[in-house]
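Below you'll find the structure, written out as structure tokens, and then a few comments.
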Amino acid sequence: MSSAYLPFLIQIVLAAGIGALVIGASHLIGQRAAKNRIKDSAYECGVPAGGIVHSRFSIKFYVTVMLFIIFDIEVVFLIPWAFIYRDFLAHNLPIFGPILFFIGLLVLGLFYEIKKGALEWEK
């Protein structure tokens with residue numbers, strides 16, 4: 001076995017060991033449900049839950065989160081471009097046009113979402 005793979009092997013062994021340690025500690029010192037209590041019931045601040053345990057969220061929360069994730073991930077694609085922009089200019093490679101197209105698509109998508117009312121809470 002090559003010594004280049006040794007750090008990778010050590011990381012895998014440590015990750016598996018820490019995972020097994022956490023699961024074992026949880027099994028050994030974790031709380032057990034009594035025979036007369038409902039197993040896996042909701043438990044908040046030392047007081048058993050009363051009333052509705054699972055509250056429902058409006059779909060507006062999920063839509064807003066999905067839009068945030070989509071636009072956030074697309075903005076993350078701009079970071080590598082910012083790092084290599086100078087290298088592309090040094091080699092006379094056109095990169096500004098494609099990135100403007102990408103940003104234009106982002107802005108177009110944002111205007112579409114605003115027009116559809118996906119970001120309005122008072123509907």
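The values are calculated or read from the model by the stated rules, or taken from the named source; none is laboratory data. All figures in this text were calculated on a predicted structure; none of them were measured in a lab. Cβ atoms come from the backbone with ideal geometry, glycine included; neighbour counts cover every protein chain shown.
The set of residues in region 69-100 being under 25 Å from GLU113 (Cβ atoms) and among the aromatic types (Phe, Trp, Tyr) consists of PHE71, PHE77, TRP81. Taking the criterion of being modelled with pLDDT under 65 and not basic (Lys, Arg), the residues of region 1-44 that qualify are MET1, ALA33, ALA34, ASN36, ILE38, ASP40, SER41, ALA42, TYR43, GLU44. Assuming GLY104 fulfils every condition listed in (1) small (Gly, Ala, Ser); (2) under 30 Å from GLU120 (Cα atoms); (3) under 23 Å from the mean Cα position of the chain (by Cα); (4) at pLDDT 80 or above apart from one, which condition is it? Every listed condition holds for GLY104 apart from (3).
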